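Below is one structure, written out as structure tokens; comments come after it.
Values quoted throughout were computed directly from the atomic coordinates according to the rules given, and no laboratory measurement underlies them. Note that the structure is a prediction, hence the values are computed from the model and not measured. Neighbour counts are summed over all protein chains in view; Cβ atoms, including those assigned to glycine, are modelled from backbone coordinates with ideal geometry.
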Amino acid sequence: MTPAARAIGMFVCLFTIVLAVLDLQIVSAAAVPIVRDLDPAHGIDRFPWLVSAFALAAAAMLPLYGKLCDTLGAKHVFLGAVATFLLGSALCGLAQSMTQLIAARALQGLGGGGLMSVTMVVMAHLKDPGEEGAGKGGGIGGIVAGGGMALGPWLGGFLTDHANWRWIFYVNLPLGIAVLVAGALVLKLPDHPVRRPLDWAGAALAAGFSTALLLAMEWGGRTYPWGSPQIIGLLCAAVLGLALFVRRQATAADPLLPLSLFRIPELRWGFVVQGITGAAMMCAIYYVLVYLQVARGLSSSDAGLYLLPMAVGMTGAGLVAGRLDWPARTATLSGTLTMAAVFALLATTLSPDTSLWLIRAELFLAGIAFGQLIGQLVFLVQDAAPRPLLGVATTGIRFFQTLGNALGAALFGTILFRLLATDVNTIPSLHGSAHAAAVQDFVHATGIVFWCGAALMLLGTLLATRLPKRDGAPAQVAVGAGAARP
């Protein structure tokens, strides 16, 4: 491809990432009108499934997307993922019941799982021959993610207030069609896919394991007690599915996720640090927003505006990272250490009357930290991965981030609700001294959650020191079953 074609292709990829980030943020703004329109009686209880159905389908597809990129070619898989996402978006807009909308969101998630992960594979192929390093690509990723985080809630609220909730899905259609046309005409990737039989058994086991784990993390302590037969059954199914998946990858002729990849230090430690980052990001965003609503009495939409400083910080860090072109290892160490400091600040300064400007400043610093992390580990893994396994390595790190999000939400949620003496949902209805005591109890518990977040990010910093400095040569590993054995 010519330099101009590469630039256009990169713009198409960034536009696709915007679609992915917007879709994660935009749906929450339309909760009330969706429920009022489709199921006023019971819709609010089923609304969380609009998020869960998308996330479960996306996570289940991630391992398969990587293998498809390496066997069919990243361009074909990229276009297929975008087309599936658009079909799901159209069906979401046409839904006449909550059941139809949830099913359409699951279909949208099947394509959405590839919007971010497969796009990163395409971006790796678009790099100039011999180009290496994550600074520029990771910096652009921080800019795009920050912009999407800032724009998503506002766009969702604008479309809901001035048009109709269905337009939060219809808006994807013209944007996605433009991506499809531009991608089909411009992308001529220098990849060399090798047609091999797909490990369908491994894909099914990966989907089953991830679905059972995500459902257990979603329902545990909320819908069902952690010790209930439902949650214990799901956790047992997840452990069994993981064990069978690992065995399958060790014995399959052409495994979905070759275990030999874990011999490469960049991949082994990169996967783990990315999972920790996913857990920390969930903690930082979710529990600050909960604090603002429970302890400070802000509405969900007003609390969502506090993500703007974080988005600005992510964008600024992305711009600076692009100019400095830091090695991914350096950026990862700086980002994890900065985020540990931010969690410590949140834990020490949190009170029922903490200055809201201080909260904004701390979220701005969190954005700077995450802006150094988003995209950096992905590019480090891509630089280290064998070229025939580029797709598998890229979707693998996204898969670990997804699992980190789920495990982090469950871990921090369990810590918070075990420490609380009062149900958090009843705090707004309390009055006088009872309300003040409940808020103080909640703030204390939230502070401990943030201390746990700081400890987790210090662990991430320690593990990031194990990331080696690249010497410019991708690792060479075998991809068959025998490669999994020393």
ask   = From the residues Leu380, Thr277, Ala361, which one has its Cα farthest along the dipole of segment 258-486 in the positive direction, the dipole being from +1 and -1 charges on Cβ of Lys/Arg and Asp/Glu about the Cα centre?
value = Leu380
request  = Starting at the first residue of segment 264-275, write each ³J(HN,Hα) from the Karplus equation 6.51 cos²θ - 1.76 cosθ + 1.60 with θ = phi - 60°, in whole Hz, x for Gly and Pro.
outcome  = 7, x, 4, 6, 4, 7, x, 4, 5, 5, 5, x
note = Sorted on mean Cβ neighbours within 10 Å (highest first), peptides 234-243, 457-466 come out as 457-466, 234-243
ask   = So how far, in whole Å, is the C-alpha centre of segment 361-411 from the one of segment 296-337?
value = 14 Å
ask   = Highest mean first, what order results for 443-456, 113-126, 399-412 on Cβ atoms within 10 Å?
value = 113-126, 399-412, 443-456
task = Name the residue farthest towards the positive end of the dipole of segment 258-486 from the options Ala421, Phe370, Ala303, assuming +1 on Cβ of Lys and Arg, -1 on Cβ of Asp and Glu, about the Cα centre.
result = Phe370
query = Ratio of Rg to Rh for segment 200-251, alpha carbon only, Kirkwood?
reply = 1.07
key: Dipole-positive endmost among Val294, Thr394, Val443 within segment 258-486 (Cβ charges, Cα centre)   = Thr394
message = Per-residue counts of other Cβ atoms within 10 Å, averaged by peptide: what ranking do you get for 288-297, 94-103, highest first?
response = 288-297, 94-103
